[in-house]
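Asks: I am attaching a structure below and will ask some questions about it afterwards.
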Amino acid sequence: MKPGHWLVCLILGFAWLASAHAQYPTRSIRFILPFPPGGGTDTMGRAIATRLGEGLGQQVVIDNRGGGGANIGAELAAKSPPDGYTLFMMTGTHTVNVTLYRKLGYELVRDFVPVTRLGGTAYVVVVHPSVPVRSVKELIALAKARPGEIAHSSSGSGSGPHLAGELFKGMTGTKMLHIPYKGGGPSVIALVAGEAAVGFTTTPSCIHQIHAGRLRGLAVSSAQRSPYLPDLPTVAEAGVPGYETTAWYAMMVPTGTPAEIIARLNAETARALTLPDVKSRLDATGMVPQSSTPDELRTHIHEEIAKWAKVVRALDLRVE
């Protein structure tokens, strides 16, 4: 082929790519959530999916891929084509897993590019109504009287609720048996059924169960009281000074996704989070929407990885 022909082909190729990006999206988009239905991740994903799809002009399809401490969904997303047709719901769990797991099938920072934060919520310390405690201090006393006998559930090894429980035990000198489930939904179902006595669950996972009397709330994990459960003190107020941890959610895409597509996703997601019906749906479950720039999210991820690395090492927590 003559040199001039190469140049023409190159120009046409760039033109085709630019056109493809400008037309994005031309088909439905998959939104991988690394937990089963029923928990905070699912609540957030479903709250924004429809409105995000309307803004993009294509359907956003939820794909729940729970299990493996949120790593199964993450690995699937990391290995997907970087074309904007696979979105991934990252949670704080993934910044813990960087240190907690000895081997992962993906690398968080290498394999994903940030799009935007989505929001966050407090964890709630809850107990089954049969547990004879009505405060954090009473829970601590019971756990110390029965070391290793009381079971606390979580949405999986390395998940935010797991680390919230481990942090609580480490700061109170208590020993409780950890029972991991495949997500926040199954974890709360186990609590309601009495399979576990104590839970450190996201607000969306348990707020309706608390209001219905099927679980008893003792405290919230945030620095300030939750406006959604105003009668509950913070864990710090309730007798564990300095205790604080919250759940947060973010949108990521596979590394290599074009910058123009990332910018479009960022703008449309930020718009969706401000819509009254989305805010109302999240508000009903105790979730606070919050968008960000990709760079702000990137900085937050690095800070969280460093923060939880110290906790994991201090508590000597490792998962094979």
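Asks: Report, to the nearest 10°, how far helix 184-193 tilts away from the longest principal axis of the Cα atoms in the chain, using its own Cα long axis and a range of 0 to 90°.
Replies: The helix 184-193 is inclined about 20 degrees to the chain.
Asks: Still on this model: When only alpha-carbon atoms count, how far does the range 30-87 stretch along each of its three principal axes, as whole angstroms with the largest first?
Replies: Extents along the principal axes: 33, 27, 10 Å.
Asks: By how many degrees, 0 to 90 and rounded to 10, does the Cα axis of helix 160-172 deviate from the longest principal axis of the chain?
Replies: 40 degrees
Asks: Among all the lysines, which ones have a C-alpha under 29 Å from residue 307's C-alpha, if same-chain residues fewer than 8 places away are not counted?
Replies: Qualifying lysines at Cα under 29 Å: 79, 103, 137, 144, 169, 175, 182.
Asks: Considering only protein heavy atoms, with the full assembly of protein chains and a 1.4 angstrom probe, order 28, 187 by accessible area, largest first.
Replies: 28, 187
Asks: Hey, can you find the accessible area per residue of the chain for me, probe 1.4 Å, expressed in square angstrom?
Replies: With the other protein chains kept in place, the chain gives 43 Å² per residue.
Asks: Taking the Cβ of residue 234 as the centre, find all other residues whose Cβ is under 13 Å away and add up their charges (Lys, Arg: +1; Asp, Glu: -1).
Replies: Every neighbour counted, the sum reads -2.
Asks: A follow-up question, please. Let me know the charge dipole size of the chain about its Cα centre in debye, to the nearest 20, where only the beta-carbon of Lys, Arg (+1) and Asp, Glu (-1) is charged.
Replies: 340 debye
Asks: Sticking with this structure for a sec: Given R₀ = 30 Å, FRET efficiency for residue 293-residue 59 by Cβ-Cβ distance, to 0.05?
Replies: 0.70
Asks: Whole Å is fine, so just give me how far the alpha carbon centre of the range 173-191 lies from that of the range 31-45.
Replies: When both Cα centres are located, 17 Å separates them.
Asks: Right, something else. Share of the range 39-120's accessible area from carbon and sulfur, percent, 1.4 Å?
Replies: 47 percent
Asks: Ignoring any ligand, DNA or RNA, what whole percent of the accessible area of the range 160-271 comes from carbon and sulfur when the probe is 1.4 angstrom?
Replies: The value for the range 160-271 is 56 percent carbon and sulfur by accessible area.
Asks: Something else now. Please state, as a whole number in µm²/s, the translational diffusion coefficient that the Stokes-Einstein equation yields for the chain at 25 °C and 0.890 mPa s, with Rh defined as the Kirkwood radius across alpha carbon pairs.
Replies: The estimated diffusion coefficient comes to 120 µm²/s.
Asks: Please work out whether the range 242-320 counts as rounded, prolate or oblate from its C-alpha gyration tensor, where a ≥ b ≥ c are the square roots of the eigenvalues and a/c under 1.5 means rounded, while otherwise a/b larger than b/c means prolate and anything else oblate?
Replies: oblate
Asks: Treating only the Cβ of Lys, Arg, Asp and Glu as charged (+1, +1, -1, -1), what charge dipole size does the range 109-261 show about its Cα centre? Round to the nearest 20 debye.
Replies: Roughly 320 debye, rounded to the nearest 20.
Asks: Between residue 255 and residue 171, with labels modelled 7 Å along Cα→Cβ, what's the label distance in nm to one decimal, could you check?
Replies: Result: 3.4 nm between the two label points.
Asks: Now a separate question. For the range 170-294, count all C-alpha to C-alpha pairs, find those more than 26 Å apart, and express that count as a whole percent of the total.
Replies: That fraction is 36 percent.
Asks: Now for a separate question. Report ³J(HN,Hα) in whole Hz for each residue of the range 125-140, in order, from the Karplus equation J = 6.51 cos²θ - 1.76 cosθ + 1.60 where θ = phi - 60°; Gly and Pro get x.
Replies: Result, rounded to whole Hz: 7, 10, 9, 5, x, 6, 6, x, 9, 10, 7, 5, 4, 5, 5, 4.
Asks: Quick one: which residues, 5+ away or cross-chain, put their amide H under 5 Å from the amide H of residue 319? H built at 1.01 Å from N.
Replies: It is 101, 102, by chain and number.
Asks: If I histogram all Cα-Cα distances within the range 123-168 using bins 5 Å wide from 0, what percent of pairs lands in each bin?
Replies: Taking every Cα pair in the range 123-168, the percentages come to 5, 20, 29, 27, 15, 4.
Asks: Set the Förster radius R0 to 30 Å, insert the Cβ-Cβ distance between residue 109 and residue 28 as r into 1/(1 + (r/R0)^6), and round the FRET efficiency to 0.05.
Replies: After rounding to 0.05, the efficiency reads 0.60.
Asks: Could you calculate the contour length gain from residue 137 to residue 313, that is, 0.36 nm times the residue separation minus the distance between their Cα atoms, to one decimal place in nm?
Replies: The residue 137-residue 313 span can extend by a further 60.7 nm.
Asks: Another question about this same structure. Would you mind checking which residues have amide H under 5 Å from residue 292's amide H? H placed 1.01 Å from N; only 5 or more apart, or other chain.
Replies: Residues meeting the criterion, in which the H sits 1.01 Å from N, are 117.
The values are calculated or read from the model by the stated rules, or taken from the named source; none is laboratory data. Note that the coordinates shown come from a computational prediction; the quantities given were computed from them, not determined experimentally. Note that we place each Cβ from the backbone using ideal geometry, even for glycine, and neighbour counts take in every protein chain shown. Please note that ligands, DNA and RNA were not included when accessible areas were found on the heavy atoms of the full protein model with its side chains. Shrake-Rupley method; radii C 1.70, N 1.55, O 1.52, S 1.80 Å.
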